[in-house]
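Throughout, read-outs are computed from the coordinates displayed, never taken from laboratory work. Just so it is clear, the model here is predicted, and its values are computed rather than measured. Cβ placement follows ideal geometry from the backbone for every residue including glycine, while neighbour counts extend to all protein chains displayed.
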Amino acid sequence: MNYFLISAAGKSSGKTAVSAGLAAALSRRGMKVAPFKKGPDYIDPMWLSQAAGRTCWNLDFFTMENDEINACFDQAREGADVVLVEGTKGLHDGVDVNGTDSNAALAHQLGLPVVLVLDTRGITRGIAPLLQGTASFDTTIQIAGVILNFVAGERHEQKLRAALSRYTDIPVLGAIRHDPGMAIGERHLGLVTVSEHAYGQAQVDRMAQLVEQQVDIPELLRRTVITEIPPRPVVARLPTQLTANVRIAIAKDAAFGFYYPDDLAAFARAGAELVPFDTLNHARLPVVDGLFIGGGFPESFISTLAANQTLQRDIRDFIENGGPSYAECGGLMYLCRSLRWHDDYGEMVGVIPADAVIEEKPVGRGYARFQPRETHPWPGVSGDDCPAHEFHYARLVSLPDDTRWASSVTRGHGIDGVHDGIVHRNLLAGFMHQRHGAVNPWVNRFVDFVRHCS
């Protein structure tokens with residue numbers, strides 16, 4: 001089998017486009033590719049899933065224990081010929097100054113060789129010390145090779161190859177020219193999602209074609225063969241799912257799609273059937289026991305969301321009548337009175353007495369922690385800090401002074417810098433994204449709450 005982690009010297013090096021192009025190119029060769037993404041990001045995994053034709057799973061030191069990372073990796077790679085893990089930022093970047101949560105740490109833990117994607121814009125001979133420093137900083141990491149990215153042309157490529165050949169012994173596995181075909185559109189929250197991209201699968205196909213033409217894939221495969229993954233402690237398999245006895249509506253469409261696959265699987269194990277609905281096109285809320293609206297880009301669909309008044313009315317009635325509900329980030333914004341982004345304005349569901357406004361700069365960004373308060377509505381929530389993450393440009397204005405808060409923020413911003421989690425009847429809505437796991441089994445708690453309210 002082939003295993004490798006794709007990393008870089010720093011962020012914005014084109015890792016996602018190269019990773020997606022490689023995943024699609026390998027899939028075209030008839031290989032089964034299991035994609036993973038380090039960190040909490042939602043959007044990159046969408047592109048990797050589309051390219052590989054197989055669900056991409058997140059591996060995140062902050063919200064997962066090491067044994068959970070191992071278990072997720074071992075179980076999600078079953079049946080694959082190639083395992084591709086896309087890192088985040090640079091090889092040695094992370095929150096911890098000691099590097100315990102870096103891409104290099106993940107490669108070391110999982111026993112993966114590293115393929116470096118280097119941004120070559122504005123650099124020639126200097127590529128050699130850049131690569132030397134990145135490779136020598138932690139000599140326990142095996143650098144299988146480097147892919148030069150954003151190469152200006154033939155002369156530029158020759159200079160880069162000559163410098164690396166002269167000063168390093170790390171092989172160049174490919175040189176990808178600066179090409180619009182390798183560009184995924186960006187917006188305030190990062191890359192545009194696959195479902196929103198004007199060409200979707202066509203863009204993936206174009207990236208695959210360019211990677212196939214400019215990367216020596218046979219050599220990459222030769223240098224990333226692993227006959228045996230280093231032994232790790234045996235981790236118990238996930239429990240068998242229970243027979244579903246509650247139904248929970250989940251918003252899944254172009255406006256709302258930020259969900260982790262293992263969180264969705266946890267609903268089934270907890271005995272809940274997830275019933276998808278489309279906030280943009282469905283006129284009615286399905287008949288359910290609970291409601292879950294995750295994150296996404298409601299600000300990109302303000303007029304369409306505002307026009308779907310029959311669905312808004314159903315959601316409003318469900319919540320006001322005590323229907324157990326949970327909303328994260330974009331879901332929180334959708335449940336406010338209104339949403340404004342530049343000149344776009346629309347009335348939303350209106351169960352949260354506040355208005356959501358999109359700012360020019362991030363309001364909350366990065367890893368976060370919250371401590372549940374006594375007012376938290378779900379059963380079994382302890383007073384320990386729970387890991388989460390947030391990435392929003394939105395703020396809420398005109399919140400009443402008597403707002404009921406479920407959590408205190410111990411790291412990050414939340415809704416007002418101090419609190420997160422608005423409680424209204426049986427609704428919990430906040431900016432922080434949770435990840436189901438041993439430290440914070442939020443899915444089990446929410447399903448138990450839905451079951452208790454039913």
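Most simply put, the chain has about 40% antiparallel DSSP beta bridges, counting only bridges with both residues inside it. On the basis of the beta-carbon distance and an R0 of 25 Å, residue 342 and residue 283 show a calculated FRET efficiency of 0.35. Within a straight-line Cα-Cα reach of under 18 Å, residue 15 can be paired with the following lysines, leaving aside sequence neighbours fewer than 8 residues apart in one chain: 37, 38, 89. Look at the dipole of the chain built from charges on Cβ: of 117, 254, 280, the Cα furthest out on the positive end belongs to 117. Working from label points 7 Å from Cα in the Cα-to-Cβ sense, the residue 360 to residue 454 distance is 4.9 nm. If the segment from residue 97 to residue 216 were pulled out straight at 0.36 nm per residue, it would be longer than the present Cα-Cα gap by 39.3 nm. When peptides 50-56, 84-90 are sorted by average Cβ neighbour count within 10 Å, with the highest value leading, the order is 84-90, 50-56.
Quick check for you: which residues of the range 378-392 have the amide N under 18 Å from the point 7 Å beyond the Cα of residue 65 toward its beta carbon? Answer for this model: 381-388. The amide H of residue 56, built 1.01 Å from its N in the peptide plane, has 49 as neighbours under 5 Å, considering only residues 5 or more places off or on other chains. Taking amide H as placed 1.01 Å from N in the peptide plane, residue 426 has its amide H under 5 Å from the amide H of 322, each at least 5 places away in sequence or on another chain. Taking the Cβ of residue 259 as the centre, find all other residues whose Cβ is under 13 Å away and add up their charges (Lys, Arg: +1; Asp, Glu: -1). That works out to -3. Within the shell of other residues whose beta carbon sits under 14 angstrom from the beta carbon of residue 408, the net charge comes to -1, with Lys and Arg scored +1 and Asp and Glu -1.
Taken as Cα centroids, the range 384-453 and the range 108-158 sit 41 Å apart, rounded to the nearest whole angstrom. Based on Cα contacts under 8 Å between residues 6+ apart, the chain shows a relative contact order of 13 percent. For the chain, the 222 nm mean residue ellipticity estimated from helices alone, with every DSSP H stretch of n ≥ 4 adding -39500 (n - 2.57) and the total spread over all residues, rounds to -8500 deg cm²/dmol. Between residue 416 and residue 138, full extension at 0.36 nm per residue minus the direct alpha carbon distance yields a gain of 96.1 nm.
One chain, two ends: residue 154 and residue 11. Fully extended at 0.36 nm per residue, the span grows by 49.0 nm beyond their Cα-Cα distance.
Net charge of the neighbourhood of residue 164, taken over other residues with C-beta under 12 Å away and scored Lys/Arg +1, Asp/Glu -1, is +2.
Modelled spin labels at residue 404 and residue 81, positioned 7 Å past Cα toward Cβ, are 5.6 nm from each other.
Arranged from fewest to most other beta-carbon atoms within 10 Å of their beta carbon, 221, 332, 164 become 221, 164, 332.
In summary, the convex hull built on the alpha carbon positions of the chain has an orientation-averaged projected area of 21.5 nm². Around the amide H of residue 329, modelled in the peptide plane, lie the amide H atoms of 430, 431, 432, all under 5 Å away and 5 or more residues distant in sequence or on another chain. If R0 is 22 Å, what FRET efficiency do you get for residue 303 and residue 397 from their C-beta distance, rounded to 0.05? With a Förster radius of 22 Å, E is 0.60.
Of all DSSP beta bridges confined to the range 1-130, the antiparallel ones make up roughly 0%.
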